[in-house]
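The values are calculated or read from the model by the stated rules, or taken from the named source; none is laboratory data. Here the structure is a predicted model, which is why all the values come from computation and not from measurement. Reconstructed Cβ throughout: ideal geometry from the backbone, glycine too, with neighbour counts over all protein chains shown. With ligands, DNA and RNA removed, areas are computed over all heavy atoms of the protein, side chains included. Shrake-Rupley method; radii C 1.70, N 1.55, O 1.52, S 1.80 Å.
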Amino acid sequence: MRDLARNQYTDERSPAVWTGRATNRFQWVAAVAGAACMGLGVAIAVESAWTSGIAPLLMAVIGCVAAGLLVLFGTLAFVHVAVKVDDSAMEVRCGHIGVPRRRILLSHVVGADFEPSVTPRHWGGWGYRWRPEQGTAVVVRRGEGLSLRLGDGRTFTVTVDDAESAVRVIRDRLRGMAPPAPPTPTGRPV
């Protein structure tokens with residue numbers, strides 16, 4: 001009876017699906033710079049007198065357009081991040097098209113922690129980051145975030161608004177999950 005009451009309390013405290021997001025409006029400035037660089041490449045191609053030869057002109061046009069595309073799409077991918085926690089996994093999608101995307105099964109998570117101050121400086125910049133001593137992170141802005149401790153010893157950190165409630169939901173889900181059964185000596189399930 002107590003277990004039933006506890007499970008109802010847990011279900012009432014935790015939503016069926018928790019969603020959150022974080023946005024970095026500064027990334028739009030970099031995206032505009034990338035678009036301007038692409039525009040410069042197009043303007044050079046269209047308005048050039050072509051007197052200096054085709055090779056230098058092509059190098060300038062291709063360089064400006066390529067650099068503009070890299071900056072534009074590289075920054076648009078990290079303008080915002082969306083996080084979703086359901087009964088089985090936490091999913092992180094970046095940018096408007098949701099790429100890069102990471103899905104972590106809760107069965108692989110051993111703990112969740114609230115991080116009050118995640119900064120790009122600690123991770124080496126904005127975006128999808130990996131540092132051998134820290135783990136993996138998706139950092140779109142400075143501020144609060146959540147950190148998952150995975151069963152293989154790695155960590156995954158993401159900046160998201162209302163990270164404390166996400167940590168509560170994940171911890172509730174982890175408490176409700178049955179631990180995996182140990183393997184039998186023969187390796188076959190009983």
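Here are the numbers for this structure:
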| item | result |
| --- | --- |
| Carbon/sulfur fraction of accessible area - the chain, other protein chains in place, 1.4 Å, % | 61 |
| Accessible area in square angstrom per residue, the chain, 1.4 angstrom probe | 61 |
| Local net charge near residue 122, Cβ-Cβ under 12 Å (Lys/Arg +1, Asp/Glu -1) | +2 |
| Sites residue 70 and residue 110, calculated FRET efficiency, Cβ-Cβ separation with R0 35 Å, nearest 0.05 | 0.40 |
| Full-extension gain in nm, residue 35 to residue 130, via 0.36 nm per residue minus C-alpha separation | 31.4 nm |
| Zone residues, the range 62-80, relative to residue 44, backbone N less than 19 Å from point 7 Å out along Cα-to-Cβ | 62-73 |
| GNM top mover of 147, 88, 52 - the chain, alpha-carbon springs below 10 Å | 52 |
| The chain: calculated mean residue ellipticity at 222 nm from DSSP helix runs of at least 4, using -39500 (n - 2.57) | -12500 deg cm²/dmol |
| The chain, relative contact order [Cα under 8 Å, separation at least 6], % | 20 |
| Relative intensity, log₁₀ I(q)/I(0), of the range 24-163 from a Debye sum that treats every alpha carbon as a point, q = 0.09, 0.12 Å⁻¹ | -0.38, -0.58 |
| Restricting the range 122-167 to GluC sites (Glu not before Pro) in coil, as DSSP defines it, with at most 13 other Cβ within 10 Å | 133 |
| Compactness of the range 65-125 - radius of gyration and Dmax, Cα, Å | 14.6, 45 |
